[in-house]
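The values are calculated or read from the model by the stated rules, or taken from the named source; none is laboratory data. These figures come from a predicted structure and were not determined experimentally. In this analysis, Cβ positions are derived from the backbone assuming ideal geometry, glycine residues included, and neighbour counts consider all displayed protein chains.
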Amino acid sequence: MKTRIISAIAFFLLLLVAWEAASLLGWVNRILIPAPSDVLRYLYGAVLDGSLASAALVTVKRLLLGYLCGIVIGLPLGLVTARFKLFQDTIGLLALGLQTLPSVCWVPLAIIWFGQTESAMFFVVVMGTLWSVIIATETGVRTIPPIYARAARTMGSRGIHTWVHVMLPASLPFIVSGMKQGWAFAWRSLMAAEIYVTILTGFGLGHLLHYGRELNAMEQVIGVMFVIVVIGLLADKVLFSPWERFLHRRWGTQGSR
């Protein structure tokens, strides 16, 4: 484990050193591709004046609100889609089709329907999350061995009890994977919304990206991209990966390496 961490750190340090050297030697245009030192200088100033922390907090709040709403709606819809053929042929097909739709496609509809408001951003994030959760839940339930349901019926479990206490727990490893994918889609959706929806109730990371582009401040653009990547990695390593590994190990679906 330590070797893997050291290797990863060495790789990224080498990458940064090579990038800085290419900038200092004039091999790349520092206006178009700023050096790591320029990016760090921007990040340092943004941290000191509080603009970066404020934007990150606004973005994370929007993300969590829309993401949790997408899970609350998508989880039961995925269960009924897996249970009933009619829902599979309607909601399941709709989810499969809309999941392939790029997140930015929802932004024009959101602006027309809700205007330049928080509701527009909320709608885009929910749409980015919902369909992945539905598909993951349906897939998870359908991959459960039929012997589980038969064993539960043998022990007297019926109806909703079987679904809540047998089918849903057994499909949790796949649902968590879907939640992880939904988080990634929610991130992309929110960034698209914040770039195109300008509101005065709070400036997020997407707005900083947009204004960096407008001002040709590429160090700001790359710096904000770095922050977005770091937040995404932290969410994966701290929230999803441990939960995913535990469930796969607990349910015996962990592949051998």
(message) Being out of contact with any strand residue (DSSP E or B) (no Cβ under 6 Å at 6 or more places or on another chain), crowded, with 16+ Cβ neighbours inside 10 Å, aliphatic (A, V, I, L, M) and in the same structural domain as Leu109 (by TED's automatic domain parsing) is the requirement here; does Ala151 meet it?
(response) no
(message) For the range 110-123, which positions are in a helix (DSSP H, G or I) and touching a residue at least 60 places away in the same chain (Cβ under 8 Å)?
(response) Ala110, Ile111, Glu118, Ala120, Met121, Phe122
(message) Consider the range 71-105. How many of its residues are within 17 Å of Ser189 (Cα to Cα) and within 16 Å of the chain's Cα centre (by Cα)?
(response) 8
(request) Could you name every one of the helices (runs of 4 or more DSSP H) located completely within the range 124-242 that has at least 1 residues being at pLDDT below 85, in contact with a Gly (Cβ under 6 Å, 6 or more places away or on another chain) and not basic (Lys, Arg)? (result) 172-196
(request) Could you pull out every one of the helices (runs of 4 or more DSSP H) wholly within the range 1-109 that has 1 or more residues that are out of contact with any helix residue (DSSP H, G or I) (no Cβ under 7 Å at 6 or more places or on another chain) and farther than 19 Å from Gln220 by Cα? (result) 2-24, 51-83, 93-99
(message) Residue pairs, Cβ under 6 Å, 6 or more apart or interchain, first in the range 156-172 and in the same structural domain as Ile135 (by TED's automatic domain parsing), second buried (at least 18 other Cβ atoms within 10 Å of the Cβ) and part of a helix (DSSP H, G or I). List them.
(response) Thr162/Ala152; Val166/Ala152; Met167/Val141; Ser171/Gly140; Ser171/Val141; Leu172/Leu247
(request) Look through Leu77, Leu63, Leu68 and report the one residue that is surrounded by fewer than 15 Cβ atoms within 10 Å (Cβ to Cβ), among the hydrophobic types (A, V, I, L, M, F, W, C) and in the same structural domain as Ile175 (by TED's automatic domain parsing). (result) Leu68
(message) Please pick out the residue among Ser119, Ser103 that is surrounded by fewer than 22 Cβ atoms within 10 Å (Cβ to Cβ) and in contact with a Lys or Arg (Cβ under 7 Å, 6 or more places away or on another chain).
(response) Ser103
